[in-house]
Each structure stands twice: as C-alpha cells, then as structure tokens.
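Novice: This is the structure I have questions about; it appears just below.
Every number in this text was worked out from the coordinates using simple rules, so none of it is lab data. Quick caveat, the model's predicted, so the values are computed rather than measured. When we count neighbours, we look across all protein chains shown, and the Cβ atoms used for this are built from the backbone with ideal geometry, even at glycine.
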Amino acid sequence: MKMKKLFALLFISTISFAQNADRKFLKIEKLSSGFSVRVSDGNYLINFLNDKIIETSFTPKGEKNSNPSDAVVLKNKLKNISFKENKNSVECSSKSSTLKIVIQKSPFKISYLNNNQEIISEKSGYLKRKHIPLDNVKGNITADSTEVLQLNISSDEVLYGGGARALGMNRRGNRLALYNRAQYGYETRAELMNFCIPLVLSSKLYAVHFDNEAIGYLDLDSKKDNTLEYETISGRKTYQVIVGNSWEDLVKNYTDLTGKQPLPPRWAFGNFSSRFGYHTQEEVEKTIRKFEESKIPVDAIILDLYWFGKTVQGTMGNLEWDKDNFPNPDKMISDLNAKGVKTVLITEPFILTTSSKWQETVDKKVLATLKDGRPATWDFYFGNTGIVDVFKPEGKEWFWNVYRRLINQGVGGLWGDLGEPEVFPSYANTFAGTADEVHNVYGHNWAKLIADGYKKDFSNQRPFILMRSGYSGSQRFGMIPWSGDVSRSWGGLQSQMEIALQMGMQGMAYMHSDLGGFAGDYFDNELYLRWLQYGVFNPIFRPHAQEDVASEVAYKDVDTKEIAKKAVELRYQLLPYNYQLAFENATEGTPLMRPLFFNEPNNKELLSKSDGYLWGNDFLVYPIIEKGQTQKEVYFPKNSNWYDFYTGKKYDAGTTQKVELNKNNIPTFVRGGSFIPMSKVQQNTQNYILNDFDVHFYFDKETKKSELELFNDDGLSTTSIEKSVYEEFDFESAIDNNSLFLDVEFDKTYSTTTSKTINIIIHGFDKNPTTILLNNMTLNNNQYKFENNLIYISLQCELDKNQKIEIKL
C-alpha cells in the first residue's frame, strides 16, 4: 500500500517536470549491477557503484560510448539489485542501500530517492541546444551548440561546488564556466579560477558529479526555476548521484569515487621560504642562513623561474640550471638537504621557441600539434611557445626524464605552474583530443605523469606536487593545490576561507593560499601577520609573493618578525595534530578545514558561513579579515563548550559572543573534551620524533566521553598506512561517579622504541583537585604540578600498557 502511494505521489509531483516530451520509453533490461533503459532518442545505462553511489550514462541514438572517465577510480559494482516493474513504473534498489531509482514510463522521468525521499530527478534530461557563451569565456568556449544534462532540484537547497571560486559559500544562482583559467590579482569575487570541478553538493546531503572532462558550464539554478544544469561541448553524458549520512560521510563517498589523497611528506607541514623569486645560488643560501640566525623554523625553499633563466621572458622551457647564477646546484641542494631543508623547483609545460629545449622537443615530437602534425605555437606573456603533450606517451616520457634528473639531483618537491593551461588555443591538438576537449584535465594529467613516475622510479619517496590547476580526482595524485595569484590586499584575504573550504568538500583538501598575498606591492604588516596567523590553521603554510615586498618571515622588521615567528613556531608545535588530520584525509577523505555546518548540518544560519571554520574536529578558527579590527563576533557551535586556545577562557556552546582581539593571534578555540597533541619547536622536521610530547586535555563536565587516536609514522614511507608500519596513541576520557578518567595507550610501533614520555596538561580546573590517582596509586604533590589552573602529569608509556589517570571531582 505504501509503495502504491509513493508511485502516485511521484506521478502527481512530476507531471509538470516530465522529461523531454518527445522522449518515449521503449524497453528496460535488468543487468547484474543495475539496468539499461532504451528510449526513443538513445539509451540509458544505470549502475549502483556501491550502496551510496548511482551512476547514470546516456548515449544518444547513433553515438557510441565515450572514452573512459578521467575522474572515477571506483571499480566495484553492487550485485544484489532488486528490480520491480509495473504498468507505469520501475523501481531499482539494493538491500544494502538506502538509495533507489524510480523510472516513470509515461511521461518519462528518472527519479533518485534516498530513504524513500526524492532528492533529485531528471528534468529534460539530455538535450542539445544553441550555445550562448558567458561573457567571461567568449573566445574560449566557441562551440555552435552544446549538449545538456538537466535535473530538478528543490527550492530550499543550498548548493556548493564547481571548483575554486570566490562567490560566497552558497553558489546557487550562478551559471559557472567550466574552463580552467587564472584570475590575476583577484580579491573578493572571482567567478572563474584555476580549478573547475563539475561537482555540485547539496545541503540535503547528496552530490552530483558530472563525469566529463570537456569544457562547458555548470548552472546552479541561475534562472531560479529549480534547475541544475550541466552543459558541455562534447564527451560523456554521465553523472553520479552520491549520498551521505553526514557531511563527512558524503565527502568520504565522493573520494571513494574519485580517489583519496595520499599522505604528503611530513616536511610539507612545515614552513616554506618562497618568493618570486630567488635569482642566484648565493641568494638561496643567504636566505636559509637568515632563518637559521633568527631561529625561525623552515623546511623547504621554493625556487621560481630564475633557476633556469636570468629573465622572466624568453627562457621558459630551458628546464636546466642557469650555471652563471647557480654555479653548483648539486652542492647547494646537498647542503640544504643536510640542514633538513628541501629544494622545490618550478616547472611549466610551455617550451618557448627561444628556449634551449625547443629543437629537442620538436625532434622528439613531444609537443601539441596543428592538424598537419607540425608543433602548434602561439604568443603569450612569456614568449612564443608550444606546449608538452602530457597525454602522449612520448610527451610523458620526455617530461618525466626532466623530473627524474632533478629528483636524482636531490630536489625534494616539484611545482607545476600555468597548468590550466594558461594559454591553450582551440587549434592545438593532443594525443587525447583537441585543446578544448582536454583543456580542463591538462593539469590533472600532468600531475598524474609525475605521480606515476615517482611510483616507478622513486617508489619509497612521497611526492610533493604543488599545482595551480586540476580536475575531479586530482587529489589522488598527491596534488597540493593553491588559490592562484591572489591580490596582496585585505580583499584578497577575505576570499581565502571560502575557496579552501569549498575545495576541501570537493576532495582537494590541501587547497591553500600564498600567505600574505601574491600580486602587487601593497605594504601592510598587519595584513601580513593576520594572513600568517590564519595560515597556521591551513593545510600548507607557505608565504609567497612578488619580490617588491619580502614574503619571508626572516626578512621582516624586528617587531613583525617577532610576532610572525610565534605563528611559525605554533605551526610546528601543532605538527602531531595536523599530521593526524592528514591521516584522516588519506584514509577517509575528510577535509582538514571544515565548514561549521559539518558540526550542525541542520542549522540553516551556518550553511552560507565561511568567516569561521573548524580546523579538524577540535579547533574553531575565526581569521581577522579587516584592517584595524578590535572585536570579532564569534558563533560557538553546539554539542560542545569551547576554550580560548590562548587564554583558557570558556565559552558556552550555541552562543554568539564578541571577542576582543590582540595583534599576536587570531580568535582560536578548542572544543571541550578534546585532546590536543603538541610537540616541541624544532628548526625543521628532519629530526621530528614523538618520543616526548605534550597532550592538552580540555576538561568539560558536559562532555561525558571523548577520544583521540593519534597516528605517527616516519613521515617518508609511501606504504606506512597500507602495511601498518606506524605508531598509534589512544587517548580516552570519561566522566563517571564524580571522577574524570583519562586513559592513555601507546600500542603500535614502526621503530624499536618501546616507551614514550607523554606530558598530560589538563585545562578547566580552577583549583587543585584533592585527589589524583595514576594506575590506582594516589599521587602526592611532587608527582604532579598544579599551576595557572593547569594540571601537569608526566607519563612514561610502555608499549601496549594502559596508563590510567583518575581525578576526583
């Protein structure tokens, strides 16, 4: 009876939203993992990829199935599919899934249901129409007609996705071009940027991924008629509908589909020395000495394009050391490595006709071509150029040989710049298709050839691949994205939280910015410090800018340097916590930076909020994004009370309060009941080891139970998770019978270490407890310390042995 009512409701609600009136249902056929539906203008193939993801592909009449997906890695398909057909409808579902599909035969319509509620349906489904370009891509997207997939959405959904853009968190109401392109010097609004991802996430906890790499558009109800629309010049007419029980679960399921980010090397969580750019070997060595003399931690130095040429223009594509200015790069890199400082080099895919590599790339046929097979060339800012065909086996091999030589020389990381590509005319052709067909996946495949090369030739080394452009699933190659050439201004800073949060939800969890801002010569130490203080709670901490104003902490004036140094030191103290976030991301896909609505998915007030965010589960961060600000309004999420990380002041859950600001830090709070592991400050991560570290516990009577599983490995191995070669520390809290219980255990090891010193620091007590027991033995006053409302207890933790603390309340 219930099912009859459901079909009746679906029929009534969809008459006005029926698909293309000319599309007639002809036949449906059950398959092992789904079904095929033949209609008058083509054929649908629908599969359950798993219990949270359904994939739908449409092949128009007279066409063949398109090329394999660039985005999807999920191979398994559900087999236990049930199939019920009656006169006017068909239902397809799985016993293990809350997802189901209902096909209405006449008028024809495909609906997707989760927990028996319709979440999305096809509107017109597939259609062709005249192309009307957006102004910002006129001349870039030039097709006469486009192919469209059109879906119904409800009127009350908030929509996210579409890649990296500055539009406001709720992106509903925008028609977005899908054409990767840089926007130099952007501030508070950037409608088109370097990462265009054809993914839409809904506040109703589902997502739609349009699985096609060609250029086009993503329309998030710009006409305000409850329509979600994907539009493309060519390629696959495939999309996946993904659901989740929570935001974390939804992102996990999307990254199950497109791939998880591997663990970056641990040094990537340290401080970078970077600018545009270091002109000489002497300048590189002098800069690192400045960091050492000032005792400012630093783990890497990034060399921009002067490493291969004396001038910005005319030298791109040399990809060999300029020996006049870098006379002994082998020694320079070796000396830096000995100090624990990695060298990261910029590379671009463009080979100028004036570069030393031009003739070699022509002779070896590794460049994109014209129709007649000659290298395609064009002019842009850096000179007259061709581009490496990263889709062609010969192009991949040639480019990887450049990288292999540099890695063998000791280079620790690679920077891929201008990979949108910056300029890629439609007349260029690659091994995989025309420039327009592959434009959006050029950076994606560039990262893939590097990741594949590492697996083949340096299988024990984690790659560091800093890139400005990518596509759905680029995270699985270890790509570290950044937000492009942002303006060095307060407006530039204001857009960074939104960009990072949105990209984390779309799988690219290491999205970060040039700390301090990149473009322009605006000099403002307050801006610089606020940006760095925000950067402490970012996936990557990398100050970088044009050289008119120094970006490095070591080159700042005394007062600025002192405050900035504290930010860098805090970054290093948080390494254990941050590395745990990296582990969670690598195994579950969970973003490091998380919107507040992850904590309260039903709070509509938070769905468009990005001025504050969660750093992991336990930090609440509110960046300062206005000059001269003295107060910040802070919302404290429900489910936990919060402690000021710097003062210890406690704030009630679910309240909004004004917080007074100071110049030394930004408003940062810790969730009541949480464990925050912190290490000692070191010059870099080379000698990092968790044999003696602090764990701060934030006591909150209202949090009855909490836990932390802390991951640690050697920071280098590519198989530590896969082969379980790592340490794990288990921390648990419980409040029972008027006592606080803390359990600590150290139970896995990748080394010979069999004991650890863990210093427990307990917050939240305003007076010395009368009784503290350790392993059921009462501690006397010289076995612990109570100072400034903090309890200090040092534990010697042996492998697989619990340490139990009880504090009488």
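Novice: Can you figure out the FRET efficiency of Trp378 with Lys455, using R₀ = 25 Å and their beta-carbon distance, to the nearest 0.05?
Specialist: Details: r = 33 Å, r/R0 = 1.34.
After rounding, the FRET efficiency stands at 0.15.
Novice: Still on this structure, please answer the following. In whole angstrom, how far apart do the alpha carbon centroids of segment 278-325 and segment 677-729 sit?
Specialist: When both Cα centres are located, 34 Å separates them.
Novice: If one computes the Cα centroid of segment 212-248 and of segment 136-199, what distance in Å separates the two points?
Specialist: Using only Cα atoms to place each centre, the spacing works out to 10 Å.
Novice: How long are the semi-axes of the equivalent ellipsoid of segment 2-258, taking √(5λ) for every eigenvalue λ of the Cα gyration tensor, in whole Å from largest down? Walk me through the intermediate numbers first.
Specialist: Details: eigenvalues 174, 81, 63 Å².
Largest first, segment 2-258 gives 30, 20, 18 Å.
Novice: Cut-off is 10 Å between beta-carbons; in what order do Glu285, Glu702 appear when sorted fewest neighbours first? Can you show the working numbers first?
Specialist: On the way: Glu285 16, Glu702 12.
Neighbour counts put them in this order, fewest first: Glu702, Glu285.
Novice: Remind me, what semi-axes does segment 30-173 give for its equivalent ellipsoid, largest first in whole Å, using sqrt of 5 times each Cα gyration tensor eigenvalue?
Specialist: Details: eigenvalues 165, 80, 56 Å².
Whole-Å semi-axes of the equivalent ellipsoid: 29, 20, 17.
Novice: If every alpha-carbon in segment 689-808 counts as one equal scatterer, what log10 I(q)/I(0) does Debye give at q = 0.17 1/Å?
Specialist: These q points yield log10 I(q)/I(0) values of -0.86.
Novice: Right, next: Report the extension gain between Val725 and Asn76 in nm, rounded to one decimal, defined as 0.36 nm multiplied by the number of residues separating them, less their alpha carbon distance. List each step's numbers first, then the result.
Specialist: Details: separation 649, 0.36 × 649 = 233.64 nm, distance 2.74 nm.
Additional length available on full extension: 230.9 nm.
Novice: Now, a different point. For the chain, report the % of Cα-Cα distances exceeding 49 Å.
Specialist: 21
Novice: When the label point is put 7 Å from the Cα of Ser334 along its Cα-to-beta-carbon vector, which residues of segment 406-427 have a backbone N closer than 15 Å?
Specialist: The answer is 408-411.
Novice: Set the Förster radius R0 to 56 Å, insert the Cβ-Cβ distance between Lys364 and Asn737 as r into 1/(1 + (r/R0)^6), and round the FRET efficiency to 0.05.
Specialist: Details: r = 76 Å, r/R0 = 1.35.
It comes to 0.15.
Novice: Hey, what number do you get for the chain at 222 nm if only DSSP H runs of n ≥ 4 count, each worth -39500 (n - 2.57), divided across all residues, to the nearest 500?
Specialist: Numbers: 13 runs with 146 residues, N = 809.
The helix contribution divided over the chain gives -5500 deg cm²/dmol.
Novice: Which ordering of His131, His209, His444 is given by a fewest-first count of other beta-carbon atoms within 10 Å?
Specialist: Values: His131 16, His209 29, His444 26.
Sorted ascending by nearby Cβ count, the order is His131, His444, His209.
Novice: Pulled fully out, how much extra length does the chain show between Lys704 and Asn768, if you take 0.36 nm times their separation in residues and subtract their Cα-Cα distance? Don't skip to the answer; put the middle values down first.
Specialist: Working: separation 64, 0.36 × 64 = 23.04 nm, distance 2.09 nm.
My answer for the length gained is 21.0 nm.
Novice: Separation between the Lys650 and Ser294 pseudo-spin-labels, each 7 Å from Cα along Cα→Cβ, expressed in nm?
Specialist: 4.0
Novice: Given bins 10 angstrom wide, list per bin the percent of all Cα-Cα distances in segment 268-336, short to long.
Specialist: Using 10 Å bins, I get a P(r) of 20, 50, 26, 4 for segment 268-336.
Novice: Hull surface divided by four, with the convex hull built on the Cα atoms of segment 12-87: how many nm²? Please list the in-between numbers first.
Specialist: Details: hull surface 27.3 nm².
Averaged projected hull area, Cα only: 6.8 nm².
Novice: Computed on alpha carbon atoms, what radius of gyration and Dmax characterise segment 101-244, expressed in Å?
Specialist: Over segment 101-244's Cα set, Rg and Dmax evaluate to 15.2, 52 Å.
Novice: Under a cut-off of 13 Å between alpha-carbon atoms, report the aspartates and glutamates in cross-link reach of Lys310, not counting same-chain residues fewer than 8 places apart.
Specialist: Glu320, Asp322, Asp324
Novice: What ranking of Tyr555, Tyr792 emerges when the number of other C-beta atoms within 10 Å of each C-beta is taken as an exposure proxy, fewest first?
Specialist: On the way: Tyr555 16, Tyr792 13.
In order of increasing Cβ crowding within 10 Å: Tyr792, Tyr555.
Novice: Can you pull the Rg over Rh of segment 221-360, Cα-only, Kirkwood?
Specialist: Numbers: Rg = 22.6 Å, Rh = 19.4 Å.
Using Cα coordinates only, the ratio equals 1.17.
Novice: Further question on the same structure: If R0 is 60 Å, what FRET efficiency do you get for Asp144 and Leu790 from their C-beta distance, rounded to 0.05?
Specialist: Working: r = 70 Å, r/R0 = 1.17.
Step by step, r from the Cβ atoms, then E = 0.30.
Novice: Please state, rounded to one decimal and in Å, the Kirkwood hydrodynamic radius that segment 527-682 gives when every pair of distinct Cα atoms enters the mean of 1/r. Let's see the in-between values first.
Specialist: On the way: mean 1/r = 0.0605 Å⁻¹.
The answer is 16.5 Å.
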